[in-house]
Amino acid sequence: MLKMALSIVIFVIVSILIDGTHYRGGFITWKPQYPHIINQNPVAIILKQRHVWRRSSIFCNDTTITTKGLIGNGSVNCISTCSTTGVLASVSAPCVAYSIKNDWSVGEVSTVINVSANVKFEAAFQGGSWISTLGVGADGGWSISAEITTIPRSDAPFYCGQPQAGSCISVNTGSKINKIAQFSIGCATTTVIEVDIYKPDGMMVGPLKVNPSNSSLYTISITWTPTSMDIGTNLLCYTPLDDRNQQGDQVCIKYFVSDNDSKFARFKYINGSLKPVGQVYSNQSVWYIEYTNEVRRPSLDAYVRFYSNSTNKQVHQINVRTNLKDVIFSKNTLTFFTSINWILGEHYYILLDRSVVTDPSVCGPQSPPVDDVNFWTFEVQSE
């Protein structure tokens with residue numbers, strides 16, 4: 001398996017004099033969207049931006065932050081070796097901070113964009129209105145830039161299994177855990193020879209094995225039955241090593257252990273709370289499900305997935321982490337919206353990834369997945 005080469009370039013160019021002094025500076029970074037799909041074209045990447053503005057020009061206060069009000073204007077565009085032209089992303093972003101005394105407002109946003117495979121180009125947010133009090137370049141032009149490449153490169157081995165790296169899994173004492181940890185080689189001429197593991201006491205780890213159906217993948221079995229001595233947060237960390245002595249990044253998963261009387265042990269969806277079910281109209285757009293605990297937005301990517309029953313193929317998905325417009329968390333309820341026309345007479349079912357919601361306490365224990373095709377179904381009425 002191959003990873004993307006990731007590089008970041010941030011710089012400022014002083015050029016022509018332009019009226020106004022509203023921009024203070026910022027940065028642009030990017031990374032491939034997780035999980036990355038081999039030979040995918042286009043490639044989904046996450047473009048992260050942070051921009052600082054003069055507050056007396058680009059206003060922000062506590063209300064702006066609470067309501068996720070957008071500040072700033074302009075766009076990120078390709079400026080060098082462009083395979084396509086046009087706007088890559090807007091720089092308008094929810095305000096996250098401000099200072100009355102120092103007269104600045106900060107906007108930050110992450111946007112998923114699709115980029116052609118095997119390309120390398122420069123993307124930038126450019127304009128005028130640089131800070132007027134600078135000794136050199138006051139009121140001049142500026143450019144905040146990032147070099148983006150989707151050309152694969154050789155890399156060290158890496159964890160590519162489920163649950164995602166950084167996950168926090170809620171588990172009861174006495175419940176047996178059986179997991180398969182999966183790792184991938186960085187390039188076709190290497191092999192994974194060892195995985196260094198930091199684990200809770202009592203966790204059993206199987207031998208490193210080559211996946212019989214894919215020689216680029218390696219697996220290790222994990223078996224654990226937590227006891228009352230394990231109540232609290234337990235870390236399981238992996239660091240793979242290949243035959244070139246290239247060490248991959250360490251990734252960790254948290255297991256939050258609680259007893260059967262804890263509220264975390266009861267963190268699950270409420271039967272009968274999912275709406276709507278049964279017959280719906282072709283323009284049905286509002287969906288919700290209730291949980292036993294208060295819920296919040298997850299810190300890792302997780303999806304609500306809609307499938308056609310006749311083909312068992314996914315027809316729509318919503319990323320609950322990044323989609324702030326169509327996904328709402330309110331007390332113990334997850335509500336999401338769609339804007340597609342369902343096919344008349346068709347049957348559908350909805351699946352939920354693990355961690356579409358997390359508990360706001362401790363390390364954020366995650367909701368269990370819904371992977372039963374008969375759990376949440378609906379039929380579109382024929383007219």
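Would you check which residues across segment 283-302 are among the basic types (K, R) and either modelled with pLDDT of 90 or more or outside any strand (DSSP E or B) (or both) and list them?
Initial filter on segment 283-302 (among the basic types (K, R)): 296-297.
Residue satisfying the conditions is R297 alone.
In the set L334, L300, which member is aliphatic (A, V, I, L, M), within 22 Å of P163 (Cβ to Cβ), surrounded by 16 or more Cβ atoms within 10 Å (Cβ to Cβ) and touching a Gly at 6+ places or on another chain (Cβ under 9 Å)?
Working: L334 fails: touching a Gly at 6+ places or on another chain (Cβ under 9 Å).
Selected residue: L300, the only one of L334, L300 that is aliphatic (A, V, I, L, M), within 22 Å of P163 (Cβ to Cβ), surrounded by 16 or more Cβ atoms within 10 Å (Cβ to Cβ) and touching a Gly at 6+ places or on another chain (Cβ under 9 Å).
Is at least one residue of segment 183-194 closer than 23 Å to S355 by Cα and not β-branched (V, I, T)? Before you say what the answer is, go through the steps one by one.
Within segment 183-194, the subset closer than 23 Å to S355 by Cα is 183.
Cutting the leftovers down to not β-branched (V, I, T) gives us 183.
Yes: one or more hits.
Looking at E346, E294 in this structure, which one is acidic (D, E) and touching a Lys or Arg at 6+ places or on another chain (Cβ under 9 Å)? Quick ask: steps written out before the conclusion?
Numbers: E346 fails: touching a Lys or Arg at 6+ places or on another chain (Cβ under 9 Å).
Just one listed residue meets the conditions, E294.
Test V171 against the criterion of being aliphatic (A, V, I, L, M), outside the structural domain of I46 (by TED's automatic domain parsing) and within 24 Å of the chain's Cα centre (by Cα), and give yes or no.
Working: aliphatic (A, V, I, L, M): yes; outside the structural domain of I46 (by TED's automatic domain parsing): yes; within 24 Å of the chain's Cα centre (by Cα): yes.
Yes; evaluated as a whole, the condition is true for this residue.
Condition (residue is in contact with a Pro (Cβ under 6 Å, 6 or more places away or on another chain), in a loop (DSSP other than H, G, I, E, B) and buried (at least 18 other Cβ atoms within 10 Å of the Cβ)) applied to segment 262-282: is it met by at least one residue?
Yes, that holds for at least one residue.
Could you list all residues from segment 220-235 that are under 17 Å from I253 (Cβ atoms) and aliphatic (A, V, I, L, M)?
Matches in segment 220-235: I220, I222, L235.
Does V251 satisfy being in contact (Cβ under 8 Å) with a residue 40 or more places away in the chain, under 30 Å from D155 (Cβ atoms), in contact with a Phe, Trp or Tyr (Cβ under 9 Å, 6 or more places away or on another chain) and not polar (S, T, N, Q)?
Working: in contact (Cβ under 8 Å) with a residue 40 or more places away in the chain: yes; under 30 Å from D155 (Cβ atoms): yes; in contact with a Phe, Trp or Tyr (Cβ under 9 Å, 6 or more places away or on another chain): yes; not polar (S, T, N, Q): yes.
Here the answer is yes, as V251 does meet what is asked.
Looking only at strands (runs of 3 or more DSSP E) that fall completely inside segment 131-199, which ones have 2 or more residues that are under 30 Å from R54 (Cβ atoms) and at pLDDT 80 or above? First the steps, then the outcome.
On the way: elements: 142-153, 168-172, 177-184, 192-198.
In segment 131-199, 142-153 are the strands (runs of 3 or more DSSP E) which contain 2 or more residues that are under 30 Å from R54 (Cβ atoms) and at pLDDT 80 or above.
Which numbered condition trips up V257, out of (1) in a loop (DSSP other than H, G, I, E, B); (2) in contact with a helix residue (DSSP H, G or I) (Cβ under 6 Å, 6 or more places away or on another chain)?
For V257, the exception is condition (1).
Is segment 304-317 home to any residue that is crowded, with 18+ Cβ neighbours inside 10 Å, under 23 Å from I253 (Cα atoms) and modelled with pLDDT of 90 or more?
yes
With segment 303-343 as the region, which strands (runs of 3 or more DSSP E) entirely inside it contain at least 1 residues that are touching a Lys or Arg at 6+ places or on another chain (Cβ under 7 Å) and closer than 22 Å to N271 by Cβ?
Numbers: elements: 303-308, 314-319, 327-330, 333-337.
Per the criteria, 303-308, 327-330.
Check off (1) more than 28 Å from V112 (Cβ to Cβ); (2) in contact (Cβ under 8 Å) with a residue 60 or more places away in the chain for Q284 and give me the number that stays unchecked.
Tallying (1) more than 28 Å from V112 (Cβ to Cβ); (2) in contact (Cβ under 8 Å) with a residue 60 or more places away in the chain, Q284 fails exactly one: (1).
What's the total number of residues in segment 267-308 that are within 21 Å of Y34 (Cα to Cα) and either among the basic types (K, R) or outside the structural domain of K325 (by TED's automatic domain parsing) (or both)? So that I can check it myself, show each step before the final result.
Restricting attention to segment 267-308, the residues satisfying the condition of being within 21 Å of Y34 (Cα to Cα) are 296-306.
Applying the additional criterion that residues be either among the basic types (K, R) or outside the structural domain of K325 (by TED's automatic domain parsing) (or both) yields 296-297, 305.
Qualifying residue count for the region: 3.
The values are calculated or read from the model by the stated rules, or taken from the named source; none is laboratory data. Note that this is a predicted model, so its numbers are computed, not measured. Cβ: placed from backbone, ideal geometry, glycine included. Neighbour counts: every protein chain shown.
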